[in-house]
Structures are given as structure tokens and as C-alpha cells.
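Worksheet: one structure, shown below.
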Amino acid sequence: MIPVSAALDHVFALCQPLGTEEVDLRDAAGRVLARPATANRAQPPFSASAMDGYAVCDADGTADAGQSYTVIGEAAAGHSFTRTLNAGQAVRIFTGAPVPEGATRVIIQENITRDGDTITQTAPSGDGDNIRPRGGDFNVGDTIAPPKRLTPADLTLLAAMNIPKVEVARRPTVALIATGDELVMPGETPSPDQIIASNSFGLAAMIEAAGGIARMLPIARDSEDSLRQSFDLAAGSDMIVTIGGASVGDHDIVGKVAGDLGLERAFHKVAMRPGKPLMSGRIGGSVMLGLPGNPVASMVTGRLFVVPALEAMTGLPAQPVPRLKARLSKDISANGPREHYMRARLDGDTAAPFDRQDSSLMSILSRANALVVRAPHAEPARAGEVVEYVPF
């Protein structure tokens, strides 16, 4: 067995960045930016009013209460006042409207009285001129640098930069192969000795949330011929993820069949719980990860290995999932020789590991939103102690 960190290094060594493609901005959410995106327009593209009020031209730079101005027009968003203001003149202006040439400041409407075309300032001006300068947010030529997973806020920025398309990393395709004679799909009628194939659905959702494209292949039965057919169907995928059959039992044939098909194995078995029977390597042009068939182990190893691998393939930094810190809400016992990822419920900065940690308990997995990480041979920990956790 090898440590989790060493196993992850092996996985990253298998991952190569994929190609790129250009997509419309509307389709870029969640994609990883692959080339710098350069602004074609400044923001704001003109000096703009930050408030509703009056743009005025002061004669001598004074801005005291009691100053009066003659109103000669109006400016609103999308409708400029095109003439130049002279000393003692004002324009009614609204937030976001272009500030006319000659204006020295904007007086907020609450500090003005108006009598016909004459306005008078009734209170001292505060700090600032209430004008947003041209390019105060960004200028033509400013860039968003890759690699970066594009968020909704990024899309807002890109649109304001007048960028209709962006170059992004291609989404990795991941073939999911569930294995086992005991499996049937949801909605089918299982025999008394069969169970429902559940792992593929959770992993597919995890893969797609990470930016990949999940291909759920037909269940591979416990025969070499059936498994070979599944590998044939998976050909051309960027990653192949098998579920189950990666241990050492008589029916655990994934390693043998993959080896016969040319698997260059990187490792087999990791010093972790759940998830010990984990296998990785390269087969053909695909990265392969053989995950345990146990539901919880499958999802935990998916979070710790599949997701970081997908991120590395899209050009993001090759790094483990983030570990954060929280305080235990209860005592926990000493750990054994393998790194333990305990399902827990995080509430604020407090983590409560579940009492039952059996790796077959999917109901506990569904209630968990964190994995408390326990180092090998860790001593018992008391309530209030700080521990590391992985968001889940």
C-alpha cells in the first residue's frame, strides 16, 4: 500500500492537459479558461455619474452650500447631453449617465433645491465628486488570465469587456464501468441476491459538477469477455473509471483484464479508509482509475482522486482537494494504520463525525457534508480539538 499523497502524485503524472475549443460566452459557465481574455472596451466606457442629481460646472472650484446654477438640459443612461457645460451651468443627471464635458462634479439631488431652471446647493458636498472615471473598473487591454474556472461573476466581467467568445479547455470525457453480476439498474427487478447499481449515478454527478462529461456504460458482468466489451466501448475516453472488481477476490478481474489490454499500472492499493482497493494507470490513450465497489469508498475516492485528476486535465493546478479546519463537537477514538476519511456533519466551524462509519452506509454519506481526516495512528481526539476536513 502507498500513502494517499503518493497515490495522488502518481495520478497527476498520468494526466495531460487536453486541447482547447472556442465557445460562446453563454456556454462558458464552469469551463476552464485556456487563453487570456482581453477587454475590448473600458468600464465604464465614459465618465459616469455615480448618483442621481445634477452635474455642475463650478466657476472657481468652490463647492460650498449656497452655490446656484442654471439647468440647461438632462442626461440619462443611454442618453448623453452632448454640449459642454460652462461655469455656473448644470445638467439634470441620473446614475450611470455620461457626465457632460465641462462638469466638475455631481451634486446629489438630496442636496439641491430647484426653482424653475435654477438650482441651489443646500448642504456642503461630501468627499468625492460622485463621478466614476472612464476605465475606473478596467481598461481596453486588461485581461483575465488562465487557467481559471469561469464563475457567474467572471461571465459578467467578460460580457462587460465586450468578449462574445472565449477559448476554454475541452471537457474531459469519463467512461464509467460498473462491474458485477450482483448489479441491476434502478427500476429493474432485482433477484433476491442482487442489488441496485448506485455508484455510477453519484460519480457521474460528481464528474459533471467538476466539468467532465460522464458516459455511463452498460454494467460489465463478472466475466472477462463482458469486461473486455466494456473497455472497447470506453475507448477514446480521456478517463476510464471502473467501479468494483479491483480487489483480490476470485471475481475481482478488473486488474487482470486491464493488464491483458495493456494497462501500465501506476499503483494498486492505498493506505486509506474507505478506499483501500484503488488502482490507477494508463490504458491506451486513457487515464484509468479502478475504484472500489463499496458505495462510500467509491464516492470518497472519486472526491479525492477523480475530481483533482479532471481539474489537472483541464489545465488547473495539479493539487489535492482543499483541507480546511474545524473543531470537533465530540470525542473520537484513536485511528489505525490507514488514513481515515470520516463522514461528518459540518455546522459552522464545528464538525461532528457520525458514530457509524461503516463504508456501506449510503444514508450516512447522504447526510455528510465533510470528511474529517485522521492521520495514520492518530491519538484519540477530544471535543474542541482542531481537525482537518475535506468539504464533501
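The values are calculated or read from the model by the stated rules, or taken from the named source; none is laboratory data. Fair warning: this is a prediction, and the values are worked out from it, not measured in the lab. Ideal geometry is used to build each Cβ from the backbone, glycine not excepted, and the neighbour counts take in all protein chains shown. Accessible surface areas use protein heavy atoms only, side chains included; no ligands, DNA or RNA. Shrake-Rupley method; radii C 1.70, N 1.55, O 1.52, S 1.80 Å.
Below, the figures for the structure above:
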quantity: For the chain, accessible area per residue (1.4 Å probe, heavy atoms of protein chains only), Å²; calculated: 47
quantity: Cβ charges +1 (Lys, Arg) and -1 (Asp, Glu), total dipole of segment 221-318, debye; calculated: 380
quantity: Length-normalised contact order of the chain in % [C-alpha pairs under 8 Å, at least 6 apart]; calculated: 16
quantity: Furthest towards positive pole of dipole, G88, G136, P17, structure part the chain, Cβ charges; calculated: P17
quantity: For segment 69-136, alpha-carbon Rg relative to the globular expectation (2.2 N^0.38 Å, N residues); calculated: 1.07
quantity: Student exercise, segment 289-392 dipole from Lys, Arg, Asp, Glu Cβ charges, in Debye to nearest 20; calculated: 120
quantity: Relative contact order %, segment 254-385, counting alpha carbon pairs below 8 Å whose residues are six or more apart; calculated: 22
quantity: Largest-first principal axis extents, alpha carbons of segment 240-343, Å; calculated: 49, 38, 20
quantity: Student exercise, the chain dipole from Lys, Arg, Asp, Glu Cβ charges, in Debye to nearest 20; calculated: 680
quantity: Distance between modelled label sites at R382 and T82, nm, 7 Å Cα→Cβ extension; calculated: 7.9
quantity: Sparse-neighbourhood loop sites, trypsin sites (Lys or Arg not before Pro) in segment 33-126 - DSSP loop, at most 15 other Cβ within 10 angstrom; calculated: R41, R83
quantity: Unit charges at the beta carbon, dipole of segment 108-256: most positive-side option, G244, G187, P146; calculated: P146
quantity: Gain on full stretching of the segment that runs from T143 to T350 - 0.36 nm per residue minus C-alpha separation; calculated: 70.6 nm
quantity: Share of carbon and sulfur in the accessible heavy-atom surface of the chain [1.4 Å probe, %]; calculated: 49
quantity: Over segment 140-237, relative contact order from alpha-carbon pairs under 8 Å, at least 6 apart, %; calculated: 29
quantity: Highest to lowest packing among 266-275, 292-301, 231-240, 148-157, scored as the average C-beta count within 10 Å; calculated: 292-301, 266-275, 231-240, 148-157
quantity: Selection from G348, V32, S286, by position along the positive dipole direction of the chain (Cβ); calculated: S286
quantity: Correct option for Cα extents along the principal axes in Å [calculated from the coordinates] among (i) 65, 46, 40; (ii) 94, 50, 41; (iii) 78, 42, 41; calculated: (ii)
quantity: Difference of contour (0.36 nm per residue) and Cα-Cα distance, N162 to R26; calculated: 47.7 nm
quantity: Point-to-point label distance, F201-R327, nm (Cα→Cβ direction, 7 Å offset); calculated: 3.9
quantity: Kirkwood-Stokes translational diffusion coefficient of segment 156-219, alpha-carbon pairs, 25 °C, 0.890 mPa s, µm²/s; calculated: 169
quantity: Most mobile listed residue (L316, L261, L85) in the chain, GNM with C-alpha springs under 10 Å; calculated: L85
quantity: Radius 11 Å from Cβ of A318, net charge of other residues (Lys, Arg +1; Asp, Glu -1); calculated: -2
